[in-house]
Every structure is written in structure tokens, then in C-alpha cells.
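Following: one structure in C-alpha cells, then a few remarks.
The values are calculated or read from the model by the stated rules, or taken from the named source; none is laboratory data. Model, not experiment: these values are computed from the prediction. Glycine also receives a Cβ, built like all others from the backbone with ideal geometry; neighbour counts cover every protein chain displayed.
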Ligand code: SF4
């Protein structure tokens, strides 16, 4: 194991909070984990998921151990050597590329991949295969925030640090339940509140979640009305004279149009649309208006929407009109659901990005990357590749012949998942690179590559505050499982491509870091030695930071962006965007009158391939359920704990009902974690969700599906 001066350390592989972990081994060689007291994110704390990570490491009973392959769908897969599996995969990919072009193949990756893994797969497909068909499950969670930042601040850059939460005096949590989904970060907010009882917390959410119990104001809005709410708060701030006119004048563009738009509706009219009390909007606005430090914090409730980008922009506008950005305790903070959603974006691991946040449509940016990778000019196409849901549509209609799925479980997580499953069945060639033998995708795999898990490989991840943390290799991978980056590099070499002969992960990181030189995310001075020494730093991390003395805050990178009020737009001003406030989600009807929203529960993570192995974590909530308001239940003859059928225009789910006054009338909630249980897929929330996408971010509308719920009747 890569022990350093701080012991054997690594980073939690679950959510984007990015907690530091210390690892030890007992006499039997089993891994024991505890929170790292020296890590600036969690200072020794871990949530229930992090605390139980050792179970997932020590239990290897579900692991894929050897490569497997089959020559035809009706044949069983057989164990083969790495060489045989890689050579056949390379031969099939070459055949498709020669016959149908580079866009006939695609890679579908994950926000759980390490940065080094993301880097090599992105380099392979964009720079060598010559297609932009790489996307990840981060498309399902972060892409609206990425576009929101780019449009308002000029680049996908979270301006604040977690430390800012502790010095803010107003925190607006919009469409997020960090008490359950980002627990350690929320614990820090709660601790800040204990120290400063004057800290005001505003929460907007159609459900009264655990987070709401700490709120001074809970705006229990109707799903899809976030923009209306943000605009109403904006109007109230303007009416109260609580905007920062100097900042708006000197450092922003677009305020006049914004003012006209938000004044099209009175606060009372907006409150009626949102279904919240008008007085609460004024109260929230008055807290913000009097704040010295104001943080907006959000996640899937805004991102996973057909108007997700506009929801992001309308929230960021509140920071811009009040001038609460680029100073301590102030700014927008988008949370990420996955541990390395940000690292994936750094290396350009989405179908519309290039490394170091370069722009795919910019000819000079493409040329820079091509030159760096030593590939011919023009190799990287200007046209964006297929996004997550588009890949499965292209499999369905035959445009895409081969898909390589790594480190993700799309047959639970994609919207309208039965359609995605049918598409995967039709694919000509499916490669699945996976740790566990459980995911549903494996049954469609022509080739299976067994991958090394957390603690079995070295690399880095970046959390939601631009913080790069190092992950040690601590245990040996079972069987013949290999680190994901090594699998990709071996495949690239079988394809005959040069430039993938790295001897270790540090070399990949060094190449990635060098490619960031001179960009806004410059981390060219960063390397593994520094990360092992300091545990974690925040980008940008340049020579200035590397040369800073250890007692100088700069030695840990860049805590806060835009202190100089110079934004990354061409004019250097932040843009206050205006747009029509129309929710374009699926229409409700007499047959489908309820709004379904999906989300997480406290002790499970994603599709449960790790947390599902831990009995302790099942004790919190052990089965999928439907949360429904008692009035909606009564109207339908539904009792507590009765089996119900949730139907949409696409499919159905059958789970037990949980009656709760914590959810708004007319809205129901399903957790997103469960897949097949006892061979039935009827626990799978995404049987009913829809494929509508935000037109700019291509993020799906998981938070608004038209459904009806009825008691289950035996056929
Ligand atoms: Fe892991 Fe997130 Fe829990 Fe921290 S808060 S221990 S990163 S799951």
C-alpha cells in the first residue's frame, strides 16, 4: 500500500462531498476504515455509508474475477484470457469503425471513474478513434449545472469552498436534501448553526425532508415552479432595495432585462403558482437582503429537469444581483451526487467537452488537444457526440453498433429504462467493464472485463469544491481484475494506438495536469507527491501554489474564485440571464394526474451495487416504497403499507405505500435505487420516468413524471 506520512489514506468513493478516509488492516488482513481527522472536508467524520465502506471491500463474494466472452448472443460466455478478450474486442471495434465510421462505437462511463480512467478513455475515443461518443452517468446528474455555470460565469467553475458554508449567514438549499444525500457537509452546516444561531437556512423542496427540519423557511413549492420562485425572490429583493447596484453595474450584464422579466409577475401571483405562502417568499428575501454572506446550494431538484439549466441560472442570478460571489461566505455551490463528477469534466469526459474545459466547437481548442496528443489535425470532430440517453436511442435505431459500459448500471439509472433495456438487447456488441457480478447490464454483455474496485487501484478524484484528493492502492484486486485505466490502455494498444504505454497512474495524472496549463483550471504544478504530502488541494494549482510555504493558505490551492470580480466571460462580467418561465415537463392528464419525483434515501447509494451488500445499511429502509400524501391516498382507497401500482405512459412500478403529510398533495415520491428484486423489475422507479431532456444540458427530467397510483388488485 502507498503509505505516506499521514498513514494509509484514501477518499470516500460515494458522494461528491469527498471525505478523507484512513485505512488500517486487522490481524486477518481485513480492511478497517475511519474518518481522516487531517482531511479538511470531514475532519474525522463519516456518514453511515462511509463508515460501512469496509464491508464492501472485505466481501468479495460478488466480484467478477476473470474476463469472459461469447461469440454469439445465444451462446454462454466463457472465461478467456485478457489477451483473447481484448484482441476480439479490438477486432470488433475496428470492423465497425471501418465499415460504419468512428461514430458507430461509444463509451458510456461514470462519475465514479477516477480522473486518470476518465482521461484515458476520453483520449482514446476523441483523439484516436476520432469520435466524440463518450458520455457518462454524470449527464444524469450534473450537466445542467455545468451549462448554468458556463452561461453565467463563463466556465464550469464552482466559485466557493465548503469552508464558506461556515461563515455564511444565509444558506439557500434549493432542490436538495443534503442531510441525507451529502450528510457530512450538512453536519458542518449544523455545526455552524450551533456556533452561530443567527445563521438562516432557506430550503425549497416539494417534500419536507430531513434538511427542512433545520430550515427557518421551508418553501414547499409545486414541482417545476423553481424558476417562478427564484424570480419572485429576485423581485422581492429589488422591491426591498436589497440588491447590490454597484456590483450589478460594474460586474454583470443583463440586469435590465432580468428586472423586466421578474416584474411581469407580482410576488403574490408567483406564490400562488408555486403553491407557497407569499409571506414566506418575502421572509426568505429579507434574510438574503440582510446577509453579509449568502450561499446558494443545490443539486438534482434543479438539475434533473427539462428546464434544468434555466433553474440553475435563475438561482445563480440571486447571487449576482446581490453581489454575493467572489467573497468569503458567498457564492453558488452545486453539489454533486457522485465522487468524481468534477474530475470527469476536468478531463473533458462528456460528449461535448474537451480536456481542461476546452470547448469542442472551438477549432483552436481542438487543435491544441490534437497537438498535445500527437494526433493529426482534424482528428477530433467538431460535432458533439451522443449523450447518455441518445446513445441508447442510437442503439435502438441501429446507428450505434457497439457500446462499452464502464463503472455504471444504466439498466437502473436511465429514464424510461425498459426502452433502454430493449435498445441494449438490440446492440450488435456490448462490452461491460465492471466490479460486481450483479448489474443487469451483464446479461447483455458479449465481453466482460473484471475491474479493480476502490482500494485496489491508485488515482485521484475531485469533489464538489474543486478539491483534488488522492486514492491509495491498499488491497490487491481479486482474481485477474485490473484497474480501469489499465484495461482501457491495454485495449488502445491492441487497437494499434501509441500514447497509452503509461507505467502507472501517476504518469496519466501528470499528462492530464500538463494539458491544463494556462487554462482556468490550471493544475499543471500538481502531482502525486504533493497530493500524498498535503492529502488534498483545490484547483487552480499553479507554480505559485506549489512554491508557497506550508503555513501559507495558497499552498493548498485556490479556495475561492472571482475574488477580483473578473469572470471567465469575454467581457469579464457575469451574465444575468433572462428567459421565459415555462415548465416544459410531461403534461398531467385525467389518466395521469399526479407528479412523480424520484430521489435518494439516506443509507443507499445509486443502484446499490455497493451499499446493497451491507446489512446495516438496509436497517434504515429495507425496500422500495411510494411516498404519497394521505389525502391522495384516501381518494384512491390506499392504506399505509398496502401494495400500490404506479403507472405512467411508459410502464409501471409496484411497491408498498407510505402515507406522509411531508409530501405535497398531488406529488408522489419513489426512491431511485432499486433494480430487479427476486427477478421482478417492478421496484425500478425508472420504469415510469420519461426521456424528456433539457435542450441545452441534455439532462433528463427525473423530477417530473405524470403518473396515476392505484391499489394493487390480483389479476
Ligand atoms: Fe462518503 Fe459522502 Fe458520506 Fe462523506 S458524506 S462519508 S463522501 S458518502
Review point. Restricting to strands (runs of 3 or more DSSP E) lying wholly in region 6-71: which have 3 or more residues that are outside the structural domain of residue 189 (by TED's automatic domain parsing), crowded, with 21+ Cβ neighbours inside 10 Å and more than 8 Å from the ligand (Cβ to nearest atom)?
Key: none
Review point. Counting only residues that are touching a strand residue (DSSP E or B) at 6+ places or on another chain (Cβ under 7 Å) and closer than 17 Å to residue 696 by Cα, which one in region 350-369 is surrounded by the fewest Cβ atoms within 10 Å (Cβ to Cβ)?
Key: 360
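So, restricting to strands (runs of 3 or more DSSP E) that lie completely within region 630-688, which ones have at least 1 residues that are in contact with a helix residue (DSSP H, G or I) (Cβ under 7 Å, 6 or more places away or on another chain) and either buried (at least 20 other Cβ atoms within 10 Å of the Cβ) or not assigned by TED's automatic domain parsing to the domain that holds residue 181 (or both)?
On the way: elements: 643-647, 652-659, 667-671.
Ranges flagged: 652-659, 667-671.
I'm trying to understand the selection: among the residues of region 195-212, which are surrounded by fewer than 17 Cβ atoms within 10 Å (Cβ to Cβ) and closer than 24 Å to residue 51 by Cα? If you could, list the steps in order and put the result at the bottom.
Within region 195-212, the subset surrounded by fewer than 17 Cβ atoms within 10 Å (Cβ to Cβ) is 195-198, 210.
Selection gives 210 alone.
Are there any strands (runs of 3 or more DSSP E) wholly within region 348-465 with 2 or more residues that are within 19 Å of the chain's Cα centre (by Cα) and more than 16 Å from the ligand (Cβ to nearest atom), and if so which?
Values: elements: 402-406, 429-434, 447-450, 459-462.
Fully inside region 348-465 and qualifying: 402-406.
Quick test for you: out of 241, 234, pick the one residue that is under 28 Å from residue 186 (Cα atoms) and more than 25 Å from the chain's Cα centre (by Cα).
Working: 241 fails: under 28 Å from residue 186 (Cα atoms).
None of the other options fit; the residue is 234.
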**Study point:** Count - residues of region 214-242 that are touching a strand residue (DSSP E or B) at 6+ places or on another chain (Cβ under 9 Å) and part of a helix (DSSP H, G or I)
**Key:** 5
Study note, to complete from the structure: Reported set for region 530-548 where residues are in a loop (DSSP other than H, G, I, E, B) and surrounded by fewer than 20 Cβ atoms within 10 Å (Cβ to Cβ) is 542, 548
**Study point:** Flag for residue 551 being surrounded by fewer than 17 Cβ atoms within 10 Å (Cβ to Cβ) and modelled with pLDDT of 95 or more
**Key:** no
